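These notes concern the structure reproduced below.
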Amino acid sequence: MSFGPGAWCLVFMKSRANKNILKIKPYVPGKPIEDVKRDFGLKNVIKLASNENPYGPSPKVLKAIAQEAKSLNRYPDGSCFLLRQELSKRFKVSPEQLVFGCGSDETIVLALRAFVNEGDEVVMAKPSFLVYSIASTAVGATLREVPLKGLRYDLPAMKQAVSSKTKIVFIGNPDNPSGQYPTKIEISEFLNGFPDEVLVFFDEAYFEFASSQKDYADTLALLKTRKNIIVARTFSKIYGLAGLRIGYAIASSEVADLMNRVREPFNVTSLAQVAAMAALKDSAYYKRILKELDRERERVCKALGELGVEVSQGCTNFIQVKVPRDSREIALALMKKGVIIRDMSVWGLENYIRVTIGRPTENGKFLKALREVLQKA
């Protein structure tokens, strides 16, 4: 068999590549609006696939970004000093306990890079946020994946999966894609007798949506008595800064120090830093959005119930919907009608779709399109 120059180069490079990378199936994001417009000749397309804030950031954020844009010729503050001080005061933690990342996704990568060696084990739920498995595989970890139980975390089974080789356990709080969270009691029972040398990583990207729930755990309080807790949050979701990519983790100063040692210099842009600061100072704007999204989620779930489909509602800005036939087919049919949602078969959830709660008009368009798709057998 002979290879052309390009094919030979590809074979050669694969033989030299990190063997762990070759095990990874690349993350496939929701399809961009412009791509769908081009592919199907559409003028009006809505995207309800990536759990974004449909209202966008606060006007105060946009003003801060415009002002900071004048200094784009300078590198950003590599320590995120002002934002570090603000979050330190807000959460009553020392500045040294904070780690900033390009979205909270990067803090997942930093934790794995800092603490996991080839052959170590990482425990996670299945299905859960895909970055846990992708980033763990990249560092050569062995995955211990514990199936969900009725679309909820089976924390007792996850605890049993921990072995002497386990370095990190990932817990989505709330989780993506289920939208569910482990309760305060469930987390307390999970941590009772849990080994101190194993890190528990609470991914709280959707914290702001769930924090008002009575049985939601205060994971930051755990840091007062435990050194093996990492809590990660983001400005991508409720704060509407997904395009700027900024998140952070809070841990013990010892854990944070090790994560910061493997953090790239200047990993958070200057625009992201000033935007995050401005967002934190406009709580009234985001409280209004939370109320609106709560109302819309209730309305959408009620309408879906009337359509006869099963909904996993949760408390976040997205819902998981069980459809009566192939979710790939449903997702494509909706896309042709200008509605982008997330097909859950990528997660191994057959006949499920995930739908972000949008503005009232967007939700209305989704409900109308889904009704038409389901009626067309």
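Coordinate-derived values only; no laboratory data. Quick caveat, the model's predicted, so the values are computed rather than measured. Heads up, the Cβs are rebuilt from the backbone with ideal geometry, glycines too, and the neighbour counts pull from every protein chain shown.
A few points about this structure:
- Of K287/K336; K25/K336; K126/K322, pairs whose Cα-Cα distance is over 23 Å: K287/K336; K25/K336
- Each distinct pair of alpha carbons in region 296-377 adds a 1/r term; the inverse of their mean, the Kirkwood radius, is 12.5 Å.
- Taking R38, R328, R84 as the candidate residues, the one with maximal mean-square fluctuation in a Gaussian network model of the chain, Cα springs under 10 Å, is R38.
- DSSP bridge pairs, the chain: antiparallel proportion in percent, nearest 5: 50 percent
- Plainly put, region 260-330 has a radius of gyration that is 1.20 times its Kirkwood radius, both from alpha-carbon atoms, as the Rg/Rh ratio.
- Between K149 and N192, the distance separating the two model label sites (each 7 Å from Cα on the Cα→Cβ line) works out to 1.5 nm.
- Backbone amide hydrogens, once placed in the peptide plane, bring G172 within less than 5 Å of D203, excluding anything fewer than 5 places away on its chain.
- Here r is the Cβ-Cβ distance between S212 and Q85 and R0 is 22 Å; the resulting FRET efficiency, rounded to 0.05, is 0.25.
- Exposure rule at most 15 other beta-carbon atoms within 10 Å, DSSP loop chymotrypsin sites (Phe, Trp or Tyr not before Pro): the chain longest free segment: 28-265
- Karplus (6.51, -1.76, 1.60) ³J(HN,Hα), θ = phi - 60°, over region 110-124, in Hz, Gly and Pro reported as x: 5, 5, 5, 5, 7, 10, 10, 9, 3, x, 5, 9, 10, 9, 8
- A viscosity of 1.306 mPa s and a temperature of 10 °C, combined with the Kirkwood radius over C-alpha pairs in the Stokes-Einstein formula, give region 161-295 a diffusion coefficient of 97 µm²/s.
- In region 59-280, the alpha-carbon atoms span a convex hull of 116 Å³ per residue.
- J(HN,Hα) series, region 355-362, from Karplus relation 6.51 cos²θ - 1.76 cosθ + 1.60, nearest Hz, glycine and proline x: 10, 6, 7, x, 5, x, 5, 5
- Residue-wise HN-Hα coupling along region 247-253, computed from phi with Karplus coefficients 6.51, -1.76, 1.60 (Hz; x: Gly, Pro): x, 7, 10, 10, 8, 5, 4
- Evaluated on region 36-125, the Kirkwood hydrodynamic radius is 17.8 Å, with distances taken between all distinct Cα atoms.
- With the convex hull drawn over the C-alpha atoms of the chain, the volume per residue is 180 Å³.
- Here region 168-291 is treated with +1 on each Lys and Arg Cβ and -1 on each Asp and Glu Cβ, and its dipole about the Cα centre works out to around 540 debye.
- Pairs of Cα atoms nearer than 8 Å and 6+ residues apart set the relative contact order; for the chain it is 23 percent.
- Applying a threshold of 23 Å to the alpha-carbon distances of K92/K281; K92/K184; K60/K302 flags K60/K302 as lying beyond it.
- Proximity of backbone amide H atoms, modeled 1.01 Å from N, is registered between T142 and G119, D120, E121, V122 at under 5 Å, excluding neighbours fewer than 5 places apart on the same chain.
- Among L62, L110, G140 the positive-end extreme of the charge dipole of the chain (Cβ point charges): L62
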